[in-house]
Structure formats: C-alpha cells, structure tokens
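Shown next, in structure tokens, is the structure this report addresses.
The values are calculated or read from the model by the stated rules, or taken from the named source; none is laboratory data. Fair warning: this is a prediction, and the values are worked out from it, not measured in the lab. Note that we place each Cβ from the backbone using ideal geometry, even for glycine, and neighbour counts take in every protein chain shown. Each accessible area value is taken on the protein alone, full model and side chains, heavy atoms only, with ligands, DNA and RNA left out. Shrake-Rupley method; radii C 1.70, N 1.55, O 1.52, S 1.80 Å.
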Amino acid sequence: MNREEKQKAVQDLRDKFLRYDVAVLTRFSGLKVSELGELRRGLKKISVDYQVVKNSLLKRAMEGTDVALLRNHIRGPLAIALGKGDIVSLAKALTVYMKEHPKFQIEAGVVGGKLLEGQAVEEAATLPSREELVAKLLFLLNAPVAGLMGVMREIPGKLLRTLDAIRQQKESGA
C-alpha cells in the first residue's frame, strides 16, 4: 500500500466510524479464511460491517471518534465489527459465532461513547433487543386501555341479560 492508499483507507475507516453507533473489536487468530467469510455473511444479514484492519491504520482512523476508546485494546491481529442502533443484535451474532468457534474472541466494544469490555459485550447478548423492549412497553401501555374497553363492553351486555331475565321471569309468572 502506498501513502495515498493508506490515507484513503484511513479516511474511509473514519467515515465508517462516524456513520455507525456500535463498534466491537474481535480477535480471530487461528480461524480459517472460510470461517471468517461465514462470519462476514452472517453479520451482513443484520447490516453489520466486519473488516480486518491493519492496527496502525485503525489507530489513525479512530482519532477524534468514539472508537478511540478502544485504543488500549489494539494489539495483534484484530477485526472490527460496526453496526447501527443497539449492540444487542451484534453481540448476539458474535457470541453465537464464538460458541461455534472457540478461537474467536470478543475483545471490547464502544456504544454511545462508552467503552465495554469483552465480557460486557457478551452479557449484552442476553438482553432483549430494542424492538422487543418497545413491543413490551407498548403492550404494558395498552393493557389498561384494553381492560377498560372490556369492562365498558360488558356493561350493555350485562344490562341486556338482566332485562332478558326480568322478561323471562314476568312471562313465566303470568
């Protein structure tokens, strides 16, 4: 790589860091290229960009971004996973892959300007996703209204049953 190509690679990486909300560093030593390709394809399905990056370029590209919090974790062969939104779906995909390939490791991550160690990223995989939490919240907000609607529907029904019972009583007594 000549100097211009390196500068372009650094600028491209920096642009990605600014576009994405979540960054996770992973160690992939001992994995075959085909296994990394499998991981890339799986991550692509959930709109995650996974890239093996030269450490010196990574250090230059992260300056001035939230990803700079990962600076102390940069040593040895690394790849970075970049995603949007919450870390849960990315963490789930990485931990599933890690269980299938024990040589693969999650080093650390950055979410919303906060550094997460590898263990914290793995723990994030156990949390419900943002969509699940929103659905639960909407259900909880809707539950009292649905209950009230059920009670309101029951009032005319109960009145009709009472009037019908009175009618039947009068007919049988007459």
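So, in nm, how far is label Leu160 from label His73 when the simple model puts each one 7 Å beyond its Cα toward the Cβ?
Inter-label distance under the simple model: 6.3 nm.
With bins 5 Å wide starting at 0, give me the P(r) of the chain over every alpha carbon pair, in whole percents.
Values per bin, smallest distances first: 1, 7, 14, 15, 14, 10, 6, 4, 3, 3, 3, 3, 3, 3, 3, 2, 2, 1, 1, 0, 0, 0.
Carbon and sulfur together cover what percent of the accessible area of region 14-134 at a 1.4 Å probe radius?
53
Enumerate the lysines that Lys99 could reach by cross-link, defined here as Cα to Cα under 23 Å, with residues fewer than 8 away along the same chain left out.
In chain and number order, the partners are Lys32, Lys44, Lys45.
So which lysines can Lys6 reach, going by Cα to Cα under 24 Å and dropping same-chain residues fewer than 8 places off?
Within the straight-line limit of under 24 Å, Lys6 reaches these lysines: Lys16, Lys54, Lys59.
Would you mind checking the radius of gyration and Dmax of region 20-84 based on alpha-carbon positions, in Å?
Looking at region 20-84, its Cα Rg and Dmax stand at 11.9, 34 Å.
Counting only heavy atoms of the protein chains, get the accessible area per residue of region 1-103 (1.4 Å probe) and round it to a whole Å² value. Don't skip to the answer; put the middle values down first.
Values: 5800 Å² over 103 residues.
Per-residue accessible area for region 1-103 comes out at 56 Å².
Would you calculate, for the chain, the mean residue ellipticity at 222 nm contributed by helices, counting each DSSP H stretch of 4 or more residues as -39,500 (n - 2.57) and dividing by all residues, to the nearest 500?
Estimated from H runs of four or more residues: -19500 deg cm²/dmol.
Tell me, what ³J(HN,Hα) does each residue in region 129-138 have, in order and in whole Hz, if you take phi through Karplus 6.51 cos²θ - 1.76 cosθ + 1.60 with θ = phi - 60° and put x for Gly and Pro?
Listing the rounded values in order: 6, 4, 4, 5, 5, 5, 4, 5, 4, 5 Hz.
Which whole-Hz couplings ³J(HN,Hα) result when phi for each residue of region 164-173 is put into the Karplus expression 6.51 cos²θ - 1.76 cosθ + 1.60, θ = phi - 60°, listed in order with x for Gly and Pro?
5, 5, 5, 4, 4, 5, 5, 5, 6, x
Taking θ = phi - 60°, what integer Hz values does the Karplus form 6.51 cos²θ - 1.76 cosθ + 1.60 yield along region 93-109, in sequence order, with x for Gly and Pro?
Calculated HN-Hα couplings, in order: 4, 5, 5, 4, 5, 5, 5, 7, 10, x, 6, 6, 9, 9, 8, 6, x Hz.
Between Gln51 and Phe139, what is the spin-label point distance in nm, taking each point 7 Å from the Cα along the Cα→C-beta axis?
The modelled label-to-label distance comes out at 3.9 nm.
Build a GNM of the chain with springs between Cα atoms under 10 Å: which of Leu94, Leu57, Leu116 gets the top mean-square fluctuation?
Among Leu94, Leu57, Leu116, the largest GNM mean-square fluctuation belongs to Leu57.
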